[in-house]
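Before any comments, here is the structure.
The values are calculated or read from the model by the stated rules, or taken from the named source; none is laboratory data. A quick note: this is a predicted structure, and the numbers were derived from the prediction, not measured. Cβ atoms come from the backbone with ideal geometry, glycine included; neighbour counts cover every protein chain shown.
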Amino acid sequence: MHMTYFLPTKLVFGQDTLSTLHEQSLPGKKALIVISSGTSTRKYGYLGRVEEQLKQAGVAYEVFDKILPNPVKRHVAEGAALAKEKGCDFVIGLGGGSVIDSAKAIAIMATNEGDYWDYVSGGSGKGKPMSKKPLPVVAITTTAGTGTEADPWLVITKEETNEKIGMGTEDTFPTLSIVDPTLMVSVPPQLTAFQGFDALFHSTEGYLNKTANTFSDLYSSEAIRLIGKSLRTAVADGKNLAAREDVALANTLAGLVEWTSGCISEHSLEHAMSAFHPELPHGAGLIMISKAYYTHIAENHIADERMTAMAKALGKEDATEAMDFVRALEDLQRDCGVADLKMSDYGMTEEEIPLMVKNARENMGGLFEVDPMTLSDKDCLEIYQQSFR
């Protein structure tokens, strides 16, 4: 057994922890605050609270507010240019996974020359090493979905080529992450479900990954348990702070899974979907293909013992076989009101499916290499086709 554990991020978790931001050791004197292009960060006062905390800490700031739900390369370039112009020496990502991922990418390009895609491996990326360390990043998450506050990974789309690719190094871990469940009560029910299932699949994929180990198994199992216990309640009653806290913790644990183990090809398949259709929420895409994906694993007896353990963790305590996980998954999706999502509602067509298979392999092919099985293009095609409606 060989394992390496490395986590340079200070995690501050709990209700009302945003109010401690000014007490933390911040990594600079002027921040670029990165937020989404939507209205919620301002509407619910989160941006104002962060600005007040920075004032208390004697830290200046600028705001960049263009990030989309599926973040794109051009906004990375714009944000980095603003950081350079205004002399920002660290970046704050205030929002969900897309915002924090963008903050990491902006931090890279604020110190390195050229184009962001120069540093991306896969697809048309050049895979160059960074010549300089990125600016430090502070992550303040307002959703519970990606776990990016606890890992170095970031996913950005190159719009002109429909490439949605993840990357990250030890230098793209946040320096500080604030996980305050009170910031998540404003997330509407459907988005709460989408994000919760994203965290769930980070955990289930990490548990099935060939690189799974003692550390990742502990985080995966607890994250799955917490989601099975509390996601239904968080969706039904968003103001239930106990449920929000459980799902937030599950999400952060899932981020730790991402680093100690990682995703498998389920995420590659979804990235191809939202690369072609950026309006598709990532969690929704994962939900759409999840039944067919995990049924393939169950029916081919690829990881029976682990699938049964995941079913028990998700709440099906009497589970005896791999398909029990699929049944527990269906129950949770139905209870959260997301069992009937349609790919066609987001503009996808059956004719696109072969292109998505090709895109998944070309752009996120590395995740297929850590699958517990060998997933052929024919298998991918069938998973998409069985999921399509």
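Observations on the structure shown:
- Some residue of segment 49-71 being under 17 Å from residue 172 (Cβ atoms) and among the charged types (D, E, K, R): no
- Some residue of segment 103-121 being closer than 17 Å to residue 30 by Cβ, touching a strand residue (DSSP E or B) at 6+ places or on another chain (Cβ under 8 Å) and surrounded by fewer than 22 Cβ atoms within 10 Å (Cβ to Cβ): no
- Any hit, segment 154-161, residues being crowded, with 23+ Cβ neighbours inside 10 Å, in contact with a Leu (Cβ under 7 Å, 6 or more places away or on another chain) and either touching a residue at least 40 places away in the same chain (Cβ under 8 Å) or in a loop (DSSP other than H, G, I, E, B) (or both): no
- Considering segment 1-120, the qualifying strands (runs of 3 or more DSSP E), each wholly inside and each with 2 or more residues that are aliphatic (A, V, I, L, M) and farther than 30 Å from residue 162 by Cβ, run over 10-13.
- Residue in segment 255-276 that is surrounded by fewer than 22 Cβ atoms within 10 Å (Cβ to Cβ), over 16 Å from residue 194 (Cα atoms) and in contact (Cβ under 8 Å) with a residue 12 or more places away in the chain present: yes
- Odd one out for residue 309, checked against (1) farther than 23 Å from residue 376 by Cα; (2) in contact with an Asp or Glu (Cβ under 8 Å, 6 or more places away or on another chain): (2)
- Just one of the listed residues (319, 328, 311, 298) is closer than 19 Å to residue 375 by Cα and either at pLDDT 95 or above or touching a strand residue (DSSP E or B) at 6+ places or on another chain (Cβ under 9 Å) (or both), and it is 298.
- For segment 189-207, the criterion of being in a strand (DSSP E or B) and among the small types (Gly, Ala, Ser) is met by none of the residues.
- Subset of segment 333-368 (residues that are of a type in the set (Gly, Ala, Ser), in a helix (DSSP H, G or I) and either more than 19 Å from residue 382 (Cα to Cα) or touching a residue at least 60 places away in the same chain (Cβ under 8 Å) (or both)): 360, 365, 366
- Pairs with Cβ under 6 Å, 6+ apart, first in segment 126-151 and farther than 19 Å from residue 28 by Cα and surrounded by fewer than 24 Cβ atoms within 10 Å (Cβ to Cβ), second modelled with pLDDT of 95 or more and among the acidic types (Asp, Glu): 126/118; 128/118
- Condition met for residue 223 (under 19 Å from the mean Cα position of the chain (by Cα) and not in a helix (DSSP H, G or I)): no
- In segment 85-109, residue farthest from residue 365 (Cα to Cα) [restricted to those that are of a type in the set (A, V, I, L, M) and free of Cβ contacts under 8 Å to residues at least 60 places away in the same chain]: 109
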